[in-house]
Every structure is written in structure tokens, then in C-alpha cells.
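Coordinate-derived values only; no laboratory data. Because the structure is a prediction, the values reported are computed rather than measured. Cβ sites come from the backbone with ideal geometry, for glycine too, and all protein chains shown count toward neighbours.
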Amino acid sequence: MARWICLFFALTLLSQQPPPVTQEPPEEDATLVEAKEYTFNPLQAEKEVRTGNFYAKKGNHKAASLRYQEATKWNPGYAEAWLRLGESLEKRKEGKGAKEAYAKYLELAPDAKNAALIKKKL
């Protein structure tokens, strides 16, 4: 008799499993996706620069430049992010974007050690 009771409870528990959770596919229309709001967040900017440095060391300058751009959005006054963005865009042969990033870097850090070198690049 005890076996039948255990079997009954086991079957009851198995039949009460929650339905599987299905995820909706990501939105494909970029206009319908909510835009990310950027507020001043120096910690997030620093994290993005570290991640960008990782990608740059791996030779993936496209991913690195995307991370540096994110960092400049989180903290527009972060000079290192602008410098790294300029370097990665220069390696990707995007001269116009690199010049803009270098100009912003020089605006933020005019007394930097490498300011003369950056001015030559402009």
C-alpha cells in the first residue's frame, strides 16, 4: 500500500511541472527598439575602455572602437577614451573619425605627454 501512495505522490509532482518558458525573438526593426539613455557614469566608461583594450590587444579594432565610443557616451570628458577611440579608428583606416576623436582628446588634455605627437597626426 505504501508503494502506491509514493507512486501517486510522485506522479502528482511530475504532472505539476510549470510550462516551459519561451522567449520572444529579439526585435528586428531598429526603430522600435528603445534607445539606450546615457547618463554620466565614469565607472561604466572605465569598464568600457578596459573591454576595448582587451579587444584591441586581440586585434579586433572594430569591437574595440565600439567599446571606446560607448565609453565616450558614458563620460564625454574621459580623455583616455577619446585617445583610444582615435587610435582604433586610425587602425581601421577611418581617418575622419580618428581626427575628430584626436581633436576631442587634445581639447580635454592639452598638456598631455603625447600632445605633440597627436597634433602631428591631425
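Worth a mention:
- With a threshold of 31 Å on the Cα-Cα distance, the over-threshold entries among 36/99; 36/96; 36/121; 36/119 are 36/121; 36/119.
- At most 16 other Cβ within 10 Å, DSSP loop - chymotrypsin sites (Phe, Trp or Tyr not before Pro), segment 68-98: none
- Neighbour-count ranking [beta-carbon atoms within 10 angstrom, fewest first] of 120, 58, 91: 120, 58, 91
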